[in-house]
Amino acid sequence: MLWPVQLLKARQGSLYLAPRHQYAWWGAFRDRLAFPWHDYCGIFCRGSDSGTAQQRQARTRGKLENLVDLHSHILPGWYGEEPTLQQALEIVRAAAEHGVSAIVLTPNVRTAEDAHDRAVAIPLVVRWFQEEIDSLQIPVTVFPGAELEPGPHVISALKRLAPITLAATGRYVLLEAAGNRFSSLAELAKRLSATGFHVVLGNPERAQEVQDKPAIISDLVNAGALVQIAAASLAAPGNAREWSSASMLLVMGMVHFISTAGYPSDTHYGHLAEAVRIAAQIVGKEQALRLVTENPRKVLQGEPLEGDLIQAAQAAS
């Protein structure tokens with residue numbers, strides 16, 4: 001996708017995209033910024049030389065392997081009629097073609113009643129789905145999980161219901177973060193960390209509060225939370241602010257996972273490879289790959305992520 005804008009501008013701790021013609025004196029402007037945006041011009045200034053989305057995907061397709069998608073809504077039949085089993089199998093086949101070897105299926109859980117019922121149903125449906133995947137010899141393993149809406153029911157439900165944690169390990173909890181609930185999320189993250197859980201915030205770059213001020217995430221990370229952004233936010237964002245906030249979170253070192261986080265109609269595994277390519281231009285290839293391989297694989301195994309962030313969170317608990 002080519003943007004009708006070419007330049008990131010910093011203002012009051014937030015970011016937005018400005019038209020190129022508004023700042024013809026790019027060289028002088030970039031030198032005024034404390035952060036060296038010119039070092040990242042290859043990603044932040046997306047010109048016509050970057051090619052079409054299809055061309056960019058072709059450059060990455062087939063080069064990545066053993067990727068883990070930690071956040072996905074493609075469990076067949078879960079959201080009414082979609083996806084059908086056939087549709088879900090085609091999505092999983094496409095995932096395998098793009099180097100994905102593991103997917104955590106994360107239906108929404110919004111109430112305590114949901115948590116109890118789905119803790120029983122999700123593992124059964126996932127097991128059946130895995131049998132169908134295996135019957136077609138698709139080299140992908142699916143895991144149970146859930147995306148929880150933050151609320152007072154979360155802690156009591158998690159203490160009893162391991163199947164609604166990511167990969168059913170009883171350690172990592174995926175919380176919906178796309179809404180405007182950041183004032184209460186920090187407190188919930190602290191309480192969950194104190195009881196032995198690791199919080200993963202799902203798609204915070206899509207929240208208006210984060211788009212207005214990406215630094216708000218630092219409070220949650222200091223409380224022990226981890227951050228997952230959607231691949232489409234980098235590779236095919238719905239708007240410029242979404243792309244800007246996702247990019248800024250990467251620059252700040254506040255992203256720990258990249259996932260598709262999509263529903264059947266908008267899950268495109270080509271976006272995952274493209275998002276890795278974009279992230280690599282911001283944080284380096286090694287770190288970008290870690291966001292879709294090493295980090296999410298540790299979640300599957302119920303192991304803590306390495307680094308000062310997790311060690312600090314564990315010390316605080």
When the range 160-193 is checked residue by residue, the ones that are in contact with a Leu (Cβ under 6 Å, 6 or more places away or on another chain) and in contact (Cβ under 8 Å) with a residue 60 or more places away in the chain are Leu166, Ala167, Tyr172, Leu174
If you check Ala231, Ala168, which single one turns out to be under 23 Å from Thr260 (Cα atoms), of a type in the set (Gly, Ala, Ser) and under 17 Å from the mean Cα position of the chain (by Cα)?
-> Ala231
Across the range 204-224, what is the total count of residues that are crowded, with 22+ Cβ neighbours inside 10 Å and without any contact (Cβ under 8 Å) to a residue 60 or more places away in the chain?
-> 7
For helices (runs of 4 or more DSSP H) lying entirely in the range 189-307, having 3 or more residues that are farther than 25 Å from Ile155 by Cα and in contact with a strand residue (DSSP E or B) (Cβ under 6 Å, 6 or more places away or on another chain) picks out 240-251
Going through (1) in contact with a His (Cβ under 9 Å, 6 or more places away or on another chain); (2) under 25 Å from Leu175 (Cβ atoms) one by one, Ala95 fails only at (1)
Being buried (at least 21 other Cβ atoms within 10 Å of the Cβ) and hydroxyl-bearing (Ser, Thr, Tyr) is the filter; apply it to the range 242-283 and report the residue that is farthest from Glu205 (Cα to Cα).
-> Tyr269
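Only the coordinates and a few stated rules stand behind these numbers; no lab work does. Everything quoted here is computed from the prediction, not taken from an experiment. Reconstructed Cβ throughout: ideal geometry from the backbone, glycine too, with neighbour counts over all protein chains shown.
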